1. Just to verify a result, which residue in region 145-169, among those that are open to solvent by 60 Å² or more (accessible area, probe 1.4 Å) and under 23 Å from residue 184 (Cβ atoms), is farthest from the chain's Cα centre (by Cα)?
2. For residues in region 32-68 being within 17 Å of residue 148 (Cα to Cα) and touching a Leu at 6+ places or on another chain (Cβ under 9 Å), which is surrounded by the fewest Cβ atoms within 10 Å (Cβ to Cβ)?
3. Identify the residue in region 198-227 that is part of a loop (DSSP other than H, G, I, E, B) and of a type in the set (A, V, I, L, M) and, among all such residues, is farthest from the ligand (Cβ to nearest atom).
4. Among the residues of region 183-197, how many are within 16 Å of the ligand (Cβ to nearest atom) and farther than 16 Å from residue 19 by Cβ?
5. Take the conditions surrounded by 15 or more Cβ atoms within 10 Å (Cβ to Cβ), out of contact with any Leu (no Cβ under 9 Å at 6 or more places or on another chain) and without any contact (Cβ under 8 Å) to a residue 60 or more places away in the chain and apply them to residue 272. Does it pass?
6. Could you name every one of the helices (runs of 4 or more DSSP H) located completely within region 76-193 that has at least 3 residues being under 21 Å from residue 213 (Cα atoms) and in contact with a helix residue (DSSP H, G or I) (Cβ under 8 Å, 6 or more places away or on another chain)?
7. How many residues does region 87-129 hold that are away from the ligand (no atom under 15 Å from the Cβ), without any contact (Cβ under 8 Å) to a residue 60 or more places away in the chain and under 12 Å from residue 71 (Cα atoms)?
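The values are calculated or read from the model by the stated rules, or taken from the named source; none is laboratory data. The structure presented is a predicted model; accordingly, all values stated were derived computationally and were not measured. Methodologically, a virtual Cβ is constructed for each residue, glycine included, from the backbone with ideal geometry; neighbour enumeration extends over all protein chains shown. Just so you know, the surface numbers come from the protein's heavy atoms only, side chains and all, with ligands and any DNA or RNA stripped out. Shrake-Rupley method; radii C 1.70, N 1.55, O 1.52, S 1.80 Å.
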Amino acid sequence: MAPERSTDSRIGAEDIRRRKGGVPIVCLTAYTYPTGRMLDSHVDLLLVGDSVAMVLHGHATTLGASLEMMIAHGQAVMRGSARACVVVDMPAGSYETSPAQAVASARRISDETGCQAVKLEGGVDVSSQIAAIVAEGIPVMGHIGLQPQSVEKDGGYKIKGRTQDNIRALFRDAEAVEKAGAFSVVIEGTMETVASELTRHISIPTIGIGASGDCDGQILVIDDMIGMTVDRVPKFVKQYADLRSVIADAAARYAAEVRSRAFPGPSHVFKDEA
Ligand code: KIV
C-alpha cells in the first residue's frame, strides 16, 4: 500500500521530459521522511537512490541495496514530500534477468511506494527491460556512463568516455534508453565533452553527476552535498554545508554538559507547580 501523504499535484515524469533544453532540472537524492520534507520545495526531482545502501546502511557498494530497502526508503520519502517527482532506484539483482523480472520488481516499487518513476542502470543491455516497464505504464529513468552497480565488474569507479570505443558505446546506450521510452537519463562519471554531446544528441533530458554543466539537470547525493559523508567524497561534489562539524560540535557540548551535570537544567525537568 502506497503511503498516505502523496498528492496529485506532484511534478510527473512527463513534466520532467518536457523540460529538455529549458531551465536546468534540480535533483537530489533523499532517503528519509525528514529529508523528503526539507528538500521538497527546493527541487524538481527526489531520487531514492540505491546509494542509500552506502550512505545510510554502511555497505561498501550499492550492491548492498535490496528491493525491500528501496521500498521502505521510497515510502518514507513519499510521506515526507508532496510536490517533487519521486524516482526510486531498482537495486542490482531486481531487473537484469529478464523483462518479466524487471516488470515484477518495478510494479512492486510503484504499487508499494506510489512513486512517480523507477530508475535502472544500463543501456543497450537493459533496453528490453526499460521498454517492458514503460509498457506497463511505469515511467523509467535511465542511468548510463559510470554505473555503480557494475563497480565490481569494472574493477572500480572508472570515468567513462576516455576512448573512441567507449564513446561509441555511450552513444549506443543513450540511444537505446531513449528508444526504449525512458523519460530522462542520468549520465554519471563521464568526460565533460562527451556528456555535452550526448545531451545535444538525444531528445530526453540528461541529468548529470560528474558529467557536464550542459546537461539538462544536475543531481548530487544529499549527504555528500551537506557534508554528512563519513568516507571519501567524490571530486565532482560541491559541498554546500558542513553538517558533520555541526553534529560533532553538538555531541561534544552535550557530552561535556552531561558529565558536568549542567544538563539537564531546570527547564528540562518536570517539577510540581508551586
Ligand atoms: O544511487 C544514487 O544515488 C544514484 C545517483 C548518484 C544518480 O544513482
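1. Looking only at region 145-169, we keep the residues that are open to solvent by 60 Å² or more (accessible area, probe 1.4 Å), and these are 152-153, 157-159, 162-165, 168.
Now narrow it down to the ones that are under 23 Å from residue 184 (Cβ atoms): 157, 159, 168.
Working: 157: 17, 159: 19, 168: 26 Å.
Going through the qualifying residues, I end up with 168.
2. We begin by selecting, within region 32-68, every residue within 17 Å of residue 148 (Cα to Cα); these are 47-67.
Those left that are additionally touching a Leu at 6+ places or on another chain (Cβ under 9 Å): 47, 50, 53.
Numbers: 47: 32, 50: 31, 53: 25.
Here the answer is 53.
3. Filtering region 198-227 for residues part of a loop (DSSP other than H, G, I, E, B) gives 202-205, 210-216, 221, 226-227.
Now narrow it down to the ones that are of a type in the set (A, V, I, L, M): 202, 204, 211, 221, 226.
Working: 202: 17, 204: 16, 211: 10, 221: 5, 226: 14 Å.
In this case the residue turns out to be 202.
4. Taking region 183-197 and keeping what is within 16 Å of the ligand (Cβ to nearest atom), we get 183-190, 195.
Now drop any that are not farther than 16 Å from residue 19 by Cβ, which leaves 188-190, 195.
Residues in region 183-197 being within 16 Å of the ligand (Cβ to nearest atom) and farther than 16 Å from residue 19 by Cβ: 4 in total.
5. Values: surrounded by 15 or more Cβ atoms within 10 Å (Cβ to Cβ): no; out of contact with any Leu (no Cβ under 9 Å at 6 or more places or on another chain): yes; without any contact (Cβ under 8 Å) to a residue 60 or more places away in the chain: yes.
It is false that residue 272 is surrounded by 15 or more Cβ atoms within 10 Å (Cβ to Cβ), out of contact with any Leu (no Cβ under 9 Å at 6 or more places or on another chain) and without any contact (Cβ under 8 Å) to a residue 60 or more places away in the chain.
6. Details: elements: 99-113, 127-135, 151-154, 164-180.
By residue number, 164-180.
7. So the count comes out to 5.
For every residue, the table says whether it meets (1) out of contact with any His (no Cβ under 6 Å at 6 or more places or on another chain); (2) of a type outside the set (A, V, I, L, M); (3) more than 30 Å from residue 12 (Cα to Cα).
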| residue | (1), (2), (3) |
| --- | --- |
| 193 | yes, yes, no |
| 202 | yes, no, no |
| 237 | yes, no, no |
| 248 | yes, no, yes |
